[in-house]
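The values are calculated or read from the model by the stated rules, or taken from the named source; none is laboratory data. What you are looking at is a predicted structure, and each value in this text was computed from that prediction instead of being measured. Ideal geometry is used to build each Cβ from the backbone, glycine not excepted, and the neighbour counts take in all protein chains shown. Quick note on the areas: whole protein, heavy atoms, side chains included, nothing else; ligands and nucleic acids left out. Shrake-Rupley method; radii C 1.70, N 1.55, O 1.52, S 1.80 Å.
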Amino acid sequence: MHRWLTIALVGVLGFLQYQLWLGNGGWQDLQRVEQRVTVQEAANVPMRERNARLAAEVTDLKTGLDAIEERARSDMGMVRSDEQFFWVPGVAIQNELIGLNAAMVANPVAAENEAADE
C-alpha cells in the first residue's frame with residue numbers, strides 16, 4: 001500500500017509539473033504574454049510622446065494667444081494689420097495663401113474694415 005501511495009503522489013506531482021510548465025496558463029504562456037507586452041510597450045512609446053505633445057498644444061491654445069497667432073500664420077497665412085507681406089519668387093507657397101495674402105495687401109483698408117465688422 002505504501003508503494004501505491006508513492007506512485008500516486010509522484011503521478012500527481014508529474015501532472016502538476018506538466019501543467020506548470022506546458023499547460024494552459026503555464027510558464028510558456030507567461031513567456032509569450034510577456035513578449036507581447038514588450039512589443040506593445042515599444043509600439044506605445046511614440047503614441048505616448050504624440051499624446052504629450054498634443055496635450056501641451058491644447059493647453060497652450062487654451063491659455064495663450066501666441067500659439068493661436070502662430071497657428072494662424074503657419075496654417076492660414078494670416079498677416080497682422082501692422083505688418084507687410086512680401087512675396088519672394090522662387091519660394092514654394094500654397095496657392096490659397098497667395099490669394100488670401102494678395103487680397104489683404106492689395107486692399108488693407110477693406111481687410112481692416114472686415115476684421116472690425118467681425
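Summary table
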quantity	calculated
Ala67 being in contact with an Asp or Glu (Cβ under 7 Å, 6 or more places away or on another chain) and either part of a helix (DSSP H, G or I) or open to solvent by 70 Å² or more (accessible area, probe 1.4 Å) (or both)	yes
Evaluation of Gln28 against (1) of a type in the set (S, T, N, Q); (2) loosely packed, with under 11 Cβ neighbours inside 10 Å; (3) at pLDDT 80 or above (one fails), failing number	(2)
Selection status of Val79, of a type in the set (A, V, I, L, M), touching a helix residue (DSSP H, G or I) at 6+ places or on another chain (Cβ under 7 Å) and either in contact (Cβ under 8 Å) with a residue 12 or more places away in the chain or in a helix (DSSP H, G or I) (or both)	yes
Test: Ala55 is open to solvent by less than 80 Å² (accessible area, probe 1.4 Å), at pLDDT below 90 and among the hydrophobic types (A, V, I, L, M, F, W, C)	no
Members of segment 89-101 that are modelled with pLDDT under 75 and assigned to a loop (DSSP other than H, G, I, E, B)	Gly90, Val91, Ala92, Ile93, Gln94
